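Enquirer: My structure is below; once you've seen it, I'll send some questions.
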Amino acid sequence: MIKKYWIIFVIVSLLLGAFATTMLTSYFVAYRALGEEIRNNTLPLTGDNIYSEIQKDLMLSIHISSLMAHDTFVWDWILDGENEPERMISYLSQIREKYDTVTSFFVSDQTLNYYHPDGILKQVSQDDPQDEWYFRSRNMVSPFEINIDTDTADQTRLTIFINYKVYGYDDQLLGVTGAGLELNQVRHILNTYQEKYNSRVLFVNNSGIVILHADDFNLPGDITRWENFSSHTYEILTSTETSFRYDIEGRVNFVSTRYIPEFDLFLIILKDNDEVYERLLDRLKFNFIIGLLITLIVATVVSLVLKKYYRNLERLVRYDVLTGALNRSAFSLIFSHKVKEKKRGLSSLSLVLIDIDDFKSINDYYGHQTGDEALKAFSETVLNLIREVDAWCRWGGEEFVLLLGGCSAVQAEAVIEKIRQSTSKLYVQSGSHSLKLSFSAGVVEHREGEDLEHLVERADKLMYQAKKQGKNLTLLESDG
């Protein structure tokens, strides 16, 4: 037991030492390197995540536009000459209402009509700069594009459009269709990103004007007017990706920028470094508490595991795995102890050698698995009938030895007959067959100075005589 607690003490000490060393080392290393980590890894990764989530948020609009572009109703209506325009107008209205888009549209390549839920708004023209998007879209290699532009139906509203080319049955270009998401609707998305990543998130155009920002944005709408920021503006607007440190409003910030080609905008992320250090210190305190709890849990688990390990080890050392009976080594120790008790006044000590009848035939005919089940069932039956102070041992194969303290041979015979009655009611199932077990036994009483080997030898002779006399029989050695 002392060894067990020594092991627990060593493990807990090593765990605490390793934990404390790792925690403090990590803290100081992180404190020195956090700035570079945020600038070179964390913020670019945040930018990647935001970029990925923006694409995910736009997937619905892309999916809607794709459905419209591949709708055979749209194809048939166009190929029929665009008769009854109200049918297309009604279709676009249904799309807008069903998917809650800010707009839906179709521009015909044959008539250049701009169809909208509010009607035919216009005919697009190459001479109108506002219609440049259509002629660019119809000539693009990709089947669709994401474009930020003013809404034709409302010139005061900026909208994210998904322009999707429509091809007919013979792959002939029929026009461009799509859906739109108002930029103001995207603001709540930026609020979510800002809270999720604990950073200020905004988009600027190639002139440095802030186009999109979260609700609590409090900086000038032109990044060239930010304090001490003008030197970074050119770097941002001419690079696809950059990062740097920037002191703003008396606090250290790290800035990461990324060009978003789908929007033709620059994503800017600002992270407050002082706040990060405060959280790092809080995390150190939290980790210290968690470390203590983990150490306590580990100590408890180790104690339980060791306890179970020693218990299992003791069982492996003392008991037969299959039957749960004692093995010879353990039985020998118990026998020595019982002999000493007898010398101190125990009236008698008897030993019974039991051999299951015809066990070889069971193994040969029904298989060793059935034989093992028979041994296990028989041993369990005996263990349920004998006293806790009695010793039940698997001597070898189908042979068992029972040591009964305070019992004469006659009294031991009575115990064995009780076991025989229970065994006669025991059946072992093998497929559709039920096997009935019986045993032969020899009972002997310990003599002064007799060792275990000689005692078992006497019981073994009686057991073999019982076998010869017809089996299922118990024989006692005559007195003298």
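Enquirer: Do we find that A466 is buried (at least 16 other Cβ atoms within 10 Å of the Cβ) and either under 19 Å from D357 (Cβ atoms) or at pLDDT 90 or above (or both) in this structure?
Expert: When the stated conditions are applied, A466 passes them.
Enquirer: For E86, indicate whether it is in a helix (DSSP H, G or I) and within 47 Å of the chain's Cα centre (by Cα).
Expert: Values: in a helix (DSSP H, G or I): yes; within 47 Å of the chain's Cα centre (by Cα): no.
Against the criterion (in a helix (DSSP H, G or I) and within 47 Å of the chain's Cα centre (by Cα)), E86 does not qualify.
Enquirer: Tell me which of these V382 doesn't satisfy, since it passes every other one: (1) without any contact (Cβ under 8 Å) to a residue 60 or more places away in the chain; (2) open to solvent by less than 10 Å² (accessible area, probe 1.4 Å); (3) in contact with a Lys or Arg (Cβ under 9 Å, 6 or more places away or on another chain).
Expert: Evaluating V382 over (1) without any contact (Cβ under 8 Å) to a residue 60 or more places away in the chain; (2) open to solvent by less than 10 Å² (accessible area, probe 1.4 Å); (3) in contact with a Lys or Arg (Cβ under 9 Å, 6 or more places away or on another chain) leaves (3) as the failure.
Enquirer: Quick test of your reading of the structure: R157 fulfils all but one of (1) at pLDDT below 90; (2) touching a helix residue (DSSP H, G or I) at 6+ places or on another chain (Cβ under 6 Å). Name the failing condition by number.
Expert: If we test R157 against (1) at pLDDT below 90; (2) touching a helix residue (DSSP H, G or I) at 6+ places or on another chain (Cβ under 6 Å), just (2) comes out false.
Enquirer: Is it the case, given these coordinates, that F244 is of a type outside the set (D, E, K, R), in contact with a strand residue (DSSP E or B) (Cβ under 7 Å, 6 or more places away or on another chain) and touching a residue at least 40 places away in the same chain (Cβ under 8 Å)? Steps first, answer last, please.
Expert: Working: of a type outside the set (D, E, K, R): yes; in contact with a strand residue (DSSP E or B) (Cβ under 7 Å, 6 or more places away or on another chain): yes; touching a residue at least 40 places away in the same chain (Cβ under 8 Å): yes.
So F244 fits the description; yes.
Enquirer: Restricting to segment 167-190, name every residue that is among the polar types (S, T, N, Q) and either open to solvent by 70 Å² or more (accessible area, probe 1.4 Å) or at pLDDT 80 or above (or both).
Expert: Selection gives Q172, T177, N184.
Enquirer: Still on this structure: So V401 fits all but one of (1) free of Cβ contacts under 8 Å to residues at least 60 places away in the same chain; (2) touching a Cys at 6+ places or on another chain (Cβ under 7 Å); what number is the exception?
Expert: Looking at each condition in turn, V401 falls short on (1).
Enquirer: Name every residue in segment 385-414 that is β-branched (V, I, T), open to solvent by less than 40 Å² (accessible area, probe 1.4 Å) and modelled with pLDDT under 95, in order of residue number.
Expert: I386
Enquirer: Can you pull out the residues in segment 313-362 that are surrounded by fewer than 16 Cβ atoms within 10 Å (Cβ to Cβ) and of a type in the set (A, V, I, L, M, F, W, C)?
Expert: L313, L316, V317, V321, L322, L333, L346
Enquirer: For segment 89-103, which positions are touching a residue at least 40 places away in the same chain (Cβ under 8 Å) and either part of a loop (DSSP other than H, G, I, E, B) or under 20 Å from S142 (Cβ atoms) (or both)?
Expert: Once the filter is applied, which keeps residues that are touching a residue at least 40 places away in the same chain (Cβ under 8 Å) and either part of a loop (DSSP other than H, G, I, E, B) or under 20 Å from S142 (Cβ atoms) (or both), segment 89-103 yields T101, V102.
Enquirer: Across segment 268-277, what is the total count of residues that are open to solvent by less than 20 Å² (accessible area, probe 1.4 Å) and either under 14 Å from W226 (Cβ atoms) or modelled with pLDDT under 70 (or both)?
Expert: Of the residues in that region, 4 qualify.
Enquirer: Moving to a separate point now. Within segment 432-443, restricting attention to residues that are in contact (Cβ under 8 Å) with a residue 60 or more places away in the chain and open to solvent by 20 Å² or more (accessible area, probe 1.4 Å), which residue is nearest to F378 (Cα to Cα)?
Expert: Looking at the filtered set, the residue picked out is S438.
Enquirer: Being closer than 19 Å to G371 by Cα, in contact with a Ser or Thr (Cβ under 7 Å, 6 or more places away or on another chain) and open to solvent by 40 Å² or more (accessible area, probe 1.4 Å) narrows it down to one residue among K471, K425; which is it?
Expert: Residue meeting the stated conditions: K471.
Enquirer: Going by the conditions given, is G81 at pLDDT below 95, open to solvent by less than 80 Å² (accessible area, probe 1.4 Å) and outside any helix (DSSP H, G or I)? Full working, then the answer.
Expert: Values: at pLDDT below 95: yes; open to solvent by less than 80 Å² (accessible area, probe 1.4 Å): yes; outside any helix (DSSP H, G or I): yes.
Spelling it out, G81 is indeed at pLDDT below 95, open to solvent by less than 80 Å² (accessible area, probe 1.4 Å) and outside any helix (DSSP H, G or I).
Enquirer: Among the residues that make up segment 407-418, is at least one of them out of contact with any Cys (no Cβ under 8 Å at 6 or more places or on another chain), aliphatic (A, V, I, L, M) and more than 11 Å from E445 (Cα to Cα)?
Expert: yes
The values are calculated or read from the model by the stated rules, or taken from the named source; none is laboratory data. What you see is a predicted model; the values in this text were computed from it and never measured. Positions of Cβ are generated from backbone atoms using ideal geometry, with glycine treated the same way; all protein chains shown enter the neighbour counts. Calculation scope for accessible area: heavy atoms of the full protein, side chains included, ligands and nucleic acids excluded. Shrake-Rupley method; radii C 1.70, N 1.55, O 1.52, S 1.80 Å.
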